[in-house]
Amino acid sequence: MADSDDDLDLAALDDEVLVEQMHDDLYDGLSDDIVEAVNILLGRGWTPYDVLTKALVEGMRIVGIDFRDGVLFVPEVLLAANAMKAGMEILRPLLAETGAPPMGKMVIGTVKGDIHDIGKNLVTMMMEGAGFDIVDIGVNVAVEDYLAALEEHNPDILGMSALLTTTMAYMQVVIETLKERGIRNDYIVLVGGAPLNEDFAQSIGADAYCRDASVAVEIAQELMAGRQGSMAAQSTDG
Ligand code: B1M
């Protein structure tokens, strides 16, 4: 892709061309241009969610294809990831300020051996926007660190992310450890990440697979409603 064109006036582009330009700028890792373009789209009345999905996530999908095909390499993809994060930082407070009532608490982290955090961060942003209290424990999280965070923060939900076929199996290690400690049923366990699917989530004993951040919100809301319902039933029974 071409280098940044310093003379290009992003504000002069119509929405469709601007979004295509953002895909190129993300590909080229041009954080400043991404920040400018995100602000332009917001100024034109785009919702933060549309900017996120149509401009940023779609741009990252294109980066992923060329990474897979050996056209882009780690340093370039890191730059693209940084540009994506710069755009996400503008959207984060906007997505969080929906005024949604408190929904529950989630501890989330990317599993051991895996440093991909964009998807996890996106889930965090969308869940916060839906009223969830989120404790993000970062990347490369070992089972002991998940356990420590669960004990410290006492969440309703444990969320795990994995982007590599080599690291997704670690989710089962965490779930098995929860079972061994007799605390598996204290939490709703949600898993997500590009290489996962429903069957995998079921096979490792998670409560649900979340295809993307909005699905994560929907599932979390549904399962929290079920959990609150059963807790209410227990308290009237007792
Ligand atoms: Co990596 N990488 N990477 N990488 N990287 C992938 C994942 C890969 C598919 C690229 C490819 O070959 N096409 C491939 C994995 C192949 C495989 O295992 N099948 C790969 C590889 C091989 C690697 C390295 C091994 C490369 C190397 O070193 N040779 C290395 C591994 C490092 C490690 O973790 N140990 C590596 C490194 C990197 C970078 C550091 C350069 C960078 C990460 C930067 C960062 O995250 N800070 C990077 C990137 C950016 C990618 C791609 C291009 C993009 C990932 C991304 O951010 N997507 C990726 C290609 C791809 O996925 N198509 C790739 C955008 C994001 C919004 O989507 O993360 O899927 P995603 O999240 C979604 C859903 O999955 C879901 O919701 C999110 C939002 O909608 N979700 C959850 C995710 N987590 C969830 C948790 C939940 C719920 C939903 O909990 C409740």
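The values are calculated or read from the model by the stated rules, or taken from the named source; none is laboratory data. Since this is a predicted model, take the numbers as computed values, not measurements. Here Cβ is always computed from backbone atoms with ideal geometry, including for glycine, and neighbour counts include all displayed protein chains. Just the protein is used for accessible areas: all its heavy atoms, side chains included, with ligands, DNA and RNA removed. Shrake-Rupley method; radii C 1.70, N 1.55, O 1.52, S 1.80 Å.
Hey, does the range 69-78 have a residue that's outside any helix (DSSP H, G or I) and either aliphatic (A, V, I, L, M) or more than 30 Å from GLN21 (Cα to Cα) (or both)? If you could, list the steps in order and put the result at the bottom.
Of the residues in the range 69-78, the ones outside any helix (DSSP H, G or I) are 69-73.
With the extra rule that they be either aliphatic (A, V, I, L, M) or more than 30 Å from GLN21 (Cα to Cα) (or both), the set shrinks to 71-72.
Taking every residue of the range 69-78 in turn, at least one turns out to be outside any helix (DSSP H, G or I) and either aliphatic (A, V, I, L, M) or more than 30 Å from GLN21 (Cα to Cα) (or both).
Quickly run through the range 79-138 and pick out the residues that are crowded, with 20+ Cβ neighbours inside 10 Å, among the β-branched types (Val, Ile, Thr) and more than 30 Å from GLY229 (Cα to Cα).
Selection gives VAL111 alone.
Looking only at the range 42-60, which residues are more than 13 Å from the ligand (Cβ to nearest atom), buried (at least 16 other Cβ atoms within 10 Å of the Cβ) and over 15 Å from ASP14 (Cα atoms)?
PRO48
Okay, residues lined up against (1) buried (at least 21 other Cβ atoms within 10 Å of the Cβ); (2) of a type in the set (D, E, K, R):
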| site | (1), (2) |
| --- | --- |
| GLU180 | no, yes |
| ASN185 | no, no |
| LEU190 | yes, no |
| ALA194 | no, no |
| ASN197 | no, no |
| GLN202 | no, no |
| TYR209 | no, no |
| ALA213 | yes, no |
| ALA216 | yes, no |
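So GLN228 clears everything in (1) at pLDDT below 95; (2) in contact with a Ser or Thr (Cβ under 9 Å, 6 or more places away or on another chain) except one condition, right? Which one?
That leaves (2) as the condition not met.
Assuming ASP69 fulfils every condition listed in (1) open to solvent by 30 Å² or more (accessible area, probe 1.4 Å); (2) out of contact with any Gly (no Cβ under 8 Å at 6 or more places or on another chain); (3) more than 11 Å from the ligand (Cβ to nearest atom) apart from one, which condition is it?
All conditions are met except number (3).
May I ask you to say which residue of VAL63, VAL139, VAL77 is more than 23 Å from ASP24 (Cα to Cα) and either near the ligand (Cβ under 9 Å from one of its atoms) or not small (Gly, Ala, Ser) (or both)?
Every option except VAL139 fails the conditions.
Given the options ALA206, ALA149, ALA201, name the one that is in contact (Cβ under 8 Å) with a residue 24 or more places away in the chain, touching a helix residue (DSSP H, G or I) at 6+ places or on another chain (Cβ under 9 Å), under 16 Å from VAL111 (Cβ atoms) and not polar (S, T, N, Q).
Working: ALA149 fails: touching a helix residue (DSSP H, G or I) at 6+ places or on another chain (Cβ under 9 Å); ALA201 fails: in contact (Cβ under 8 Å) with a residue 24 or more places away in the chain.
It is ALA206.
Starting from residues that are under 18 Å from the mean Cα position of the chain (by Cα) and part of a loop (DSSP other than H, G, I, E, B), keep the ones in the range 139-151 and report whichever is surrounded by the fewest Cβ atoms within 10 Å (Cβ to Cβ).
By that ranking, first place goes to ASN140.
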